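First comes the structure, then the notes that go with it.
The values are calculated or read from the model by the stated rules, or taken from the named source; none is laboratory data. The model shown is predicted, which means the values in this text are computed figures rather than measured ones. Cβ placement follows ideal geometry from the backbone for every residue including glycine, while neighbour counts extend to all protein chains displayed. Only protein heavy atoms, including side chains, enter the accessible area calculation; ligands, DNA and RNA are left aside. Shrake-Rupley method; radii C 1.70, N 1.55, O 1.52, S 1.80 Å.
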Amino acid sequence: MKHSLRVYAAVLAAATVAFPLNGCKTNESSEIALNSTGSVQSGAEPNSGTAENLSAEPLDISAYTNIALSNADLDTAWSAEDPVIRCAGDTISVPEGVGVSVSGQTATITKGGSYVLEGSLSDGQIIVALTDNTEKVHLICNGITIHSSSAPIWVQQADKVIVTLAEGTVNTLTDGTDYAVESDTDTAPNACLYSKDDLTMNGSGTLIVNGNCNNGIQSADDLRIMGGTLTVNAVNHGIRGSDSVVIKDGNITVTAQGDGIKSTTTDTEGKGFVDVEGGVISVTAAQDAVDAAVALVVSGGTLTLESGGGAANAPVQSGGMHGGWGDWFTDTNTTDTAVSTKGMKAGGLLAITGGTVEVDSADDALHCNGDCSVSGGEMTLAAGDDGIHSDDELYIGGNAVITVSGSYEGLEAYHISIAGGTTRVTAQDDGLNAAGGDTASLTADSMIPPDMGGSFDGGFGGGRPGGFGGFAAGSGELTITDGYLFVNAGGDGLDSNGNITMTGGTAVVCGPTNNGNGPLDSGDNNNHITLSGGTLMAVGATGMMEVPESNYIASASLNAAAGTLIVVTDAQGTVLGALQTPKNAQGIVFSAGGAADGYTVYSGGTYDGSFNSDGWAAGGSYTPGTEICSGGGSIGFTGGMGGGFGGGFGGGRPGGRP
């Protein structure tokens, strides 16, 4: 529920008059055809109301994908002729003249080349400090175990270090708990495996990293993971590449008391990103599971992410109509505090084009401070706050499959565009919320007009409240042009601080059972719900119910208990939509193919169509049950508090608009 709530309507909710809202008008039918997916195909042109700036295609992520690799990044080869740094308890032995100096349990590599690490050290260290910083070092971990009071491997200077995990080996690095840690300086390492320069991990062996002082694995420049089995335990961040983290492959398990995987650079163009292209990745983080300072892109791989103890550990959300006047004005859209507990977070752009992602987060599952695009992949998201949150644009399209299995609000962004894919949302409050505008100064006194007066558009007779003591309505846009969307919301089903526009696709909305919310809710500044194509079925409570400008049928006399079959047909008896409602529904709004008329709404009866997992179907044969209404429009609606319907006390167009 957004802050531009119809306060006056809420005050009157306790004294709402009964609505005898059946008896829809009957006009000549419009011709409607079903396409192969079971939704409605229409040749109608889109009406006005589409957000001009709303994303119509996936974001351009080319700058953060297909990162160029050098031969060194891919090099896993080594031979028996490579010099061996052999560790044995408290001693280190190396061949003479190979560019390695030894002092006690510390071996310092000063010349580029390949080196094999074998054996174990009780309190030792491998340091890379090349005299020529244009050279590379290739470290082959061939069964090495290093315990160190500092960082077991510390790269002080090199062009790049490649760490290869030899096939069939298990390697372990464990640092101390209290050595000096200074971020990105020459004076101290900052992680158990720490590199001041570019770092690449490859091979097929296993590496266990125990970061007992700070981070697990860190590069102050670019970090690339090409393969291997990595298990990282860290008291702070698990894997950090300050400039970037690129994961091509590997089996990666991270347990971190800070962030799981992160980048941090924000002041260098083309840096500060995390790019996941493959691998099997499991992260359990006390803070963000994946945190990219600038951009986070996923094009492949399997990610299982838990942040902040998961959704079950989220702070209790309250606000809107659910909590009454005491918390009406509390902004619960964000749970940002000093500790961030998001599943996937990007400071700018977040894009998913492929892969499998499962998130269980105490805060938002997917969060970005810029634009978000999901055009592929399969996601299962459980969130203590938003399933997906974008400060600006949210685009969903392509063949993306998104399931928000639980959330406070499902999808939230300034502009939301559903242009394809399959999206299922379960939300405690709003299902989709397209919201913008400043609510920082919102108070009870500023929203309630003196003597409950103020300006109301249409009054009781079909209007929604107007201005509230100078409170300016926010903005936002929601458009649906293609794809399949199913929403089960405790608050508003589809909520926009601006217009809602649908030109294609299928949207099934199971809205609230309480009269303080509605299945459809457009903005409070003479905004519109415009339908010119696709199939929309929205059911739920009628106290705040809104209807489109045209091309629909609506009734508030549905009164369907949970499990009831709801069917809408055209004049020829073709089933345009059938729903086994998962909860009680007082009213219905339905539209198909941009048709204005020719509908009949039934409850009960016998239907032989194939329901999907949401209880939705189209096509098939139907033996009618109880007719609720037929025709088109919403004659018989009396207006009241819900944004209004045509007819009734005030008459006029829906919402009491002139």
Roughly how many nanometres apart are two label points built 7 Å out from the Cα toward the Cβ at R86 and S610? 6.7 nm
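What is the packing order of peptides 561-574, 489-502, taking the mean over residues of other C-beta atoms within 10 Å and listing the highest first? Show your work: numbers first, answer last.
Working: 561-574: 17.5, 489-502: 28.2.
Going from most to least packed, we get 489-502, 561-574.
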Using a 1.4 angstrom probe on heavy atoms only, work out the carbon and sulfur share of the accessible area of region 196-323 in %. 42 percent
With a Förster radius of 25 Å, plug the Cβ-Cβ distance of T131 and N369 into 1/(1 + (r/R0)^6) and report the FRET value to the nearest 0.05. 0.05
Full extension between N514 and N399 adds, at 0.36 nm per residue less the Cα distance, a length in nm of 38.0 nm
On a full-extension model of 0.36 nm per residue, what is the gain between A562 and K111, subtracting their alpha-carbon distance, rounded to one decimal in nm? 155.0 nm
Quick P(r) readout (region 514-555; Cα-Cα; 10 Å bins; whole %) gives 27, 57, 16
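Determine the share of region 541-631's accessible area contributed by carbon and sulfur atoms, expressed in whole percent, with a 1.4 angstrom probe.
Solvent-exposed carbon and sulfur of region 541-631 make up 42 percent of the total.
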Two pseudo-spin positions, 7 Å from Cα along C-beta at D391 and at Q257, lie apart in nanometres by 3.0 nm
Could you sort 510-523, 157-170 so that the peptide with the highest average Cβ count within 10 Å comes first and the rest follow in order? 510-523, 157-170
Per residue, how much accessible surface does region 264-304 expose to a 1.4 Å probe? Answer in Å², no decimals. 32 Å²
Any chance you could get the radius of gyration and Dmax over the Cα atoms of region 152-244, in Å? 12.1, 35
Between T302 and D159, 0.36 nm times their residue separation minus their Cα-Cα distance comes to what? 48.4 nm
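When you count, for each residue, the other Cβ atoms within 10 Å and take the mean per peptide, how do 576-583, 361-368 rank with the highest first?
Details: 576-583: 21.8, 361-368: 30.6.
Result, highest mean Cβ count within 10 Å first: 361-368, 576-583.
Given a 1.4 angstrom probe, what's the average accessible area per residue across region 62-201, in square angstrom? Could the numbers behind the result be given before it?
On the way: 5900 Å² over 140 residues.
Result: 42 Å² of accessible area for each residue.
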How large is the translational diffusion coefficient of region 488-640 in µm² per second when you combine the Kirkwood radius over alpha carbon pairs with Stokes-Einstein at 10 °C and 1.306 mPa s? 106 µm²/s
Flagged as over-length at 27 Å C-alpha distance, from K136/K345; K271/K342; K345/K583; K196/K345; K248/K342; K248/K271, the pairs are K136/K345; K345/K583
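Go ahead and run the numbers for FRET between A77 and D267, Cβ-Cβ distance against an R0 of 35 Å, rounding to 0.05.
That pair, A77 with D267, gives E of 0.40.
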